[in-house]
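Engineer: This is the structure, below, for whatever I ask next.
Values quoted throughout were computed directly from the atomic coordinates according to the rules given, and no laboratory measurement underlies them. Not measured: the values here are computed from a predicted model. In this analysis, Cβ positions are derived from the backbone assuming ideal geometry, glycine residues included, and neighbour counts consider all displayed protein chains.
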Amino acid sequence: MPILSQHNSNSFLQVVKSIFAAFIGVQSEKNRAMDFNHGKASHYILAGIIGVIVFILILALVVQFVIANY
């Protein structure tokens with residue numbers, strides 16, 4: 001019977017927190033090492049792309065709001 005290795009993947013919340021920390025530049029070395037050891041690159045790439053899109057949309061909405069009230 002083969003022994004299966006357990007690969008604990010990071011949760012959705014952990015991925016979001018890691019991406020947010022990376023956006024503002026405050027990721028700790030401990031969390032960065034955990035991300036590289038336990039996370040899947042595809043999860044972080046997808047979360048990063050979604051984060052950038054959300055950031056751009058929020059920025060566009062703020063600009064629209066400021067221009068409309070100017």
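Engineer: Which pairs have Cβ atoms under 9 Å, sit 6 or more apart or on different chains, and link a residue in the range 35-48 that is assigned to a helix (DSSP H, G or I) to one that is among the charged types (D, E, K, R)?
Structural biologist: Y44/D35
Engineer: Can you name every residue in the range 23-34 that is assigned to a helix (DSSP H, G or I) and of a type outside the set (A, V, I, L, M, F, W, C)?
Structural biologist: Within the range 23-34, E29, K30, N31, R32 qualify.
Engineer: Another question about this same structure. Can you give me the number of residues within the range 15-34 that are polar (S, T, N, Q) and in contact (Cβ under 8 Å) with a residue 12 or more places away in the chain?
Structural biologist: Of the residues in the range 15-34, 2 are polar (S, T, N, Q) and in contact (Cβ under 8 Å) with a residue 12 or more places away in the chain.
Engineer: Which of the residues that make up the range 18-53 are under 11 Å from the mean Cα position of the chain (by Cα) and of a type in the set (D, E, K, R)?
Structural biologist: D35 - this is the single residue of the range 18-53 that is under 11 Å from the mean Cα position of the chain (by Cα) and of a type in the set (D, E, K, R).
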